[in-house]
Amino acid sequence: MFEDVHWLQVKIDDFLSGTPELPQHLIFKASQNFNDKLGRFNSKPRGKSNLPSLSQIGKPFCQLHANKLDWSQTPKDRSFKIKMTYGDMTEVIAVAILEAAGVKIFALNQRTRLETTEGDLYGEFDLIIEDDDGNLTMWDIKSASRFAFEHKFKSYEAMKEGDSFGYVSQLFGYTIAERSKYPDIKAGGWIAINKETGEMKVCSVDPTDEEIYHANIVRTIKRYKEAEENNFSREFSDVEETWYKKPTGNRKLASSCSFCDYRYSCWPNLEYRKKAKSKAANAYEYYTHYKEEEVA
């Protein structure tokens, strides 16, 4: 079925076609924003709060539970701060391009609070956009790998299907939080930038899903408050490894668990080692069970 291209995508594509130029006043504005973002490189982790943040609330519950129990986290690698700063810089570039393309940024990088019957959640949204008719929509800017750009951000349905980072709950949470100020605001979606190619893609949400995600957020808060040492359960099991569709005898983490900060605490015998059978130099897996190959 044919779907209309989102008006935001049209604006971006029209601006980037030909020989786009950024006006000097937007370059100056971006440089100020860049300075603020770069300063975050020196920021220290915030103290632990009683409830998850809006950016955390949609993650798998076992991650939230482990966080509440203060499980040991996997140490961040040396490139972690660079990756975070790269994401911040991507946002600066995206905002400059949006404004140069004639998109009205109504609000940018503001703290917000979502009030619920189970407690309040806090966070910082990326931007609110105002269209030509005065309608306000909430958007997140994401820098993405080629794979995520092509698969995760290809559609809203694809986003919902593999949302281990909780992006959908986060976006709806920001939207509902800001409705106390702007009664007619709706969720917009994500503006993704491919880190490898520089392509920009608009992935819009279905705003009618808001009620479902709001209820999920409230249920998660309630469950979080009831989480104790004796009621922890994994949301995922490990999976069988195959090579050309044949089992290798090994078992590895599910993809969602591979990015979890608590993977070693949750799986004490976890081993990060060269992928069985593969000849590729950088092919590694997180194995929960590894069978050494017999030497002929």
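Mind listing whichever residues of the range 187-246 are within 30 Å of Leu136 (Cβ to Cβ), open to solvent by 60 Å² or more (accessible area, probe 1.4 Å), without any contact (Cβ under 8 Å) to a residue 12 or more places away in the chain and of a type outside the set (A, V, I, L, M, F, W, C)?
Hits for the range 187-246 are Thr208, Glu211, Arg219.
Scan the range 43-56 for residues that are touching a strand residue (DSSP E or B) at 6+ places or on another chain (Cβ under 6 Å) and over 18 Å from Gln110 (Cβ atoms) and report the count.
Pass one, the range 43-56, residues touching a strand residue (DSSP E or B) at 6+ places or on another chain (Cβ under 6 Å): 51, 53-55.
Cutting the leftovers down to over 18 Å from Gln110 (Cβ atoms) gives us 51.
Residues flagged as touching a strand residue (DSSP E or B) at 6+ places or on another chain (Cβ under 6 Å) and over 18 Å from Gln110 (Cβ atoms) within the range 43-56 amount to 1.
A quick yes/no check of all residues on (1) within 26 Å of Thr85 (Cβ to Cβ); (2) open to solvent by less than 90 Å² (accessible area, probe 1.4 Å); (3) in a helix (DSSP H, G or I):
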residue	(1), (2), (3)
Gln9	no, yes, yes
Asp14	no, no, yes
Leu26	yes, yes, yes
Gln32	yes, no, yes
Lys37	yes, yes, yes
Lys44	yes, no, no
Lys48	yes, no, no
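Across the range 247-296, which residue is nearest to Met159 (Cα to Cα) among those that are open to solvent by less than 90 Å² (accessible area, probe 1.4 Å), of a type in the set (Gly, Ala, Ser) and part of a loop (DSSP other than H, G, I, E, B)?
Out of the qualifying residues, it is Ala254.
Looking for whichever is of a type in the set (S, T, N, Q) and closer than 12 Å to His65 by Cα here; the options are Asn269, Asn250, Asn216, Asn230. Which one fits? Break it down into steps so the answer makes sense when it comes.
Numbers: Asn269 fails: closer than 12 Å to His65 by Cα; Asn250 fails: closer than 12 Å to His65 by Cα; Asn216 fails: closer than 12 Å to His65 by Cα.
Step by step, each of Asn269, Asn250, Asn216, Asn230 is checked, and only Asn230 is of a type in the set (S, T, N, Q) and closer than 12 Å to His65 by Cα.
Can you find even one residue in the range 72-86 that is at pLDDT below 95, out of contact with any Phe, Trp or Tyr (no Cβ under 7 Å at 6 or more places or on another chain), β-branched (Val, Ile, Thr) and open to solvent by 100 Å² or more (accessible area, probe 1.4 Å)?
yes
Which of the residues spanning the range 155-171 are open to solvent by less than 10 Å² (accessible area, probe 1.4 Å) and closer than 13 Å to Ala187 by Cβ? Steps first, answer last, please.
Residues of the range 155-171 open to solvent by less than 10 Å² (accessible area, probe 1.4 Å): 159, 166, 168, 171.
Of everything in the range 155-171, those that are open to solvent by less than 10 Å² (accessible area, probe 1.4 Å) and closer than 13 Å to Ala187 by Cβ turn out to be Met159, Val168, Leu171.
Among the residues of the range 100-122, is there at least one that is closer than 29 Å to Glu196 by Cβ and of a type in the set (Phe, Trp, Tyr)?
Keep residues of the range 100-122 that are closer than 29 Å to Glu196 by Cβ, which gives 100-103, 105, 108-109.
Cutting the leftovers down to of a type in the set (Phe, Trp, Tyr) gives us none.
There is no residue in the range 100-122 that is closer than 29 Å to Glu196 by Cβ and of a type in the set (Phe, Trp, Tyr).
Taking Ala66, is it in contact with an Asp or Glu (Cβ under 9 Å, 6 or more places away or on another chain), part of a helix (DSSP H, G or I) and in contact (Cβ under 8 Å) with a residue 24 or more places away in the chain?
Numbers: in contact with an Asp or Glu (Cβ under 9 Å, 6 or more places away or on another chain): yes; part of a helix (DSSP H, G or I): yes; in contact (Cβ under 8 Å) with a residue 24 or more places away in the chain: yes.
Yes.
Here are the criteria: (1) open to solvent by 30 Å² or more (accessible area, probe 1.4 Å); (2) within 24 Å of Ser169 (Cβ to Cβ); (3) charged (D, E, K, R). Tell me which single one Asp126 does not satisfy.
In the conditions (1) open to solvent by 30 Å² or more (accessible area, probe 1.4 Å); (2) within 24 Å of Ser169 (Cβ to Cβ); (3) charged (D, E, K, R), Asp126 misses (1) alone.
Look at Pro183 and say whether it is in contact with a Lys or Arg (Cβ under 7 Å, 6 or more places away or on another chain), surrounded by fewer than 17 Cβ atoms within 10 Å (Cβ to Cβ) and within 22 Å of Glu115 (Cα to Cα). Break it down stepwise before answering.
Values: in contact with a Lys or Arg (Cβ under 7 Å, 6 or more places away or on another chain): no; surrounded by fewer than 17 Cβ atoms within 10 Å (Cβ to Cβ): yes; within 22 Å of Glu115 (Cα to Cα): yes.
It is false that Pro183 is in contact with a Lys or Arg (Cβ under 7 Å, 6 or more places away or on another chain), surrounded by fewer than 17 Cβ atoms within 10 Å (Cβ to Cβ) and within 22 Å of Glu115 (Cα to Cα).
From the list Tyr264, Tyr290, Tyr244, pick out the single residue that is aromatic (Phe, Trp, Tyr) and within 23 Å of Phe80 (Cβ to Cβ).
On the way: Tyr290 fails: within 23 Å of Phe80 (Cβ to Cβ); Tyr244 fails: within 23 Å of Phe80 (Cβ to Cβ).
Sole residue among the options that is aromatic (Phe, Trp, Tyr) and within 23 Å of Phe80 (Cβ to Cβ): Tyr264.
Give me the pairs: first residue in the range 127-154 and within 12 Å of Asp184 (Cα to Cα) and of a type in the set (Asp, Glu), second residue open to solvent by 50 Å² or more (accessible area, probe 1.4 Å) and at pLDDT 95 or above, beta-carbon distance under 8 Å, and six or more apart or on different chains, which are they?
Cβ pairs passing all conditions: Glu130/Lys104; Glu130/Phe106.
Could you list, in sequence order, the residues of the range 122-136 that are assigned to a strand (DSSP E or B) and either farther than 24 Å from Asp36 by Cβ or of a type in the set (Gly, Ala, Ser) (or both)? Let's see the steps before the verdict.
Keep residues of the range 122-136 that are assigned to a strand (DSSP E or B), which gives 122-130, 136.
Residue satisfying the conditions is Gly123 alone.
Of all residues in the range 73-114, how many are touching an Asp or Glu at 6+ places or on another chain (Cβ under 7 Å) and part of a helix (DSSP H, G or I)?
Result for the range 73-114: 1.
The values are calculated or read from the model by the stated rules, or taken from the named source; none is laboratory data. For clarity, every value in this text was computed on a predicted model and none was experimentally measured. Here the Cβ is made from the backbone with ideal geometry for all residues, glycine too, and neighbour counts use every protein chain on show. Accessible surface is based on the protein model in full, side chains and every heavy atom, while ligands, DNA and RNA are left aside. Shrake-Rupley method; radii C 1.70, N 1.55, O 1.52, S 1.80 Å.
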